[in-house]
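Just below is one structure, and these are the notes that go with it.
The values are calculated or read from the model by the stated rules, or taken from the named source; none is laboratory data. What you see is a predicted model; the values in this text were computed from it and never measured. Cβ atoms come from the backbone with ideal geometry, glycine included; neighbour counts cover every protein chain shown.
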Amino acid sequence: QVQLVESGGGLVQAGGSLRLSCAASGRTFSSYAMGWFRQAPGKEREFVAAITWSGGMTYYADSVKGRFTISRDNAKNTVYLQMNSLKPEDTAVYYCAASTYYSGKDSGKYNYWGQGTQVTVSS
């Protein structure tokens, strides 16, 4: 079992940057693939980025490719999402998720979820 706690959200102007963190409990964090998802008001939850357990492979939604970077520090049990060149359409609640076997865009294949952190980008 792993518990996930996101932080780093907030209000930022368009073009600005934020770095989200997701701290995981448990000693087996390094065995989990991790993902970031987001959900805007009135919309379905969507995939943002994912990273394999070793950090060797990363995946991004087309909408954030080139602007967002996912990374992890297994020694600190933490995964990050660096968000640059933010746009108003990036406004959403951002969730991190952990999977024991999958590092892709299908939210149904992630076993554990955090509570989310709000990101608001003003125009």
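Tabulated results
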{"quantity": "Lone unmet requirement of (1) surrounded by 16 or more Cβ atoms within 10 Å (Cβ to Cβ); (2) under 15 Å from residue 7 (Cα atoms) for residue 103", "calculated": "(2)"}
{"quantity": "Residue tally, condition polar (S, T, N, Q) and either assigned to a loop (DSSP other than H, G, I, E, B) or in contact with a Leu (Cβ under 8 Å, 6 or more places away or on another chain) (or both), over segment 22-63", "calculated": "5"}
{"quantity": "Of all residues in segment 85-100 being crowded, with 17+ Cβ neighbours inside 10 Å and not aliphatic (A, V, I, L, M), the one that is farthest from residue 57 (Cα to Cα)", "calculated": "91"}
{"quantity": "Of residues in segment 106-122 being polar (S, T, N, Q) and modelled with pLDDT of 95 or more, the one nearest to residue 28 (Cα to Cα)", "calculated": "115"}
{"quantity": "Candidate set: segment 6-51, residues that are of a type in the set (Phe, Trp, Tyr) and modelled with pLDDT of 95 or more; chosen: the one surrounded by the most Cβ atoms within 10 Å (Cβ to Cβ)", "calculated": "36"}
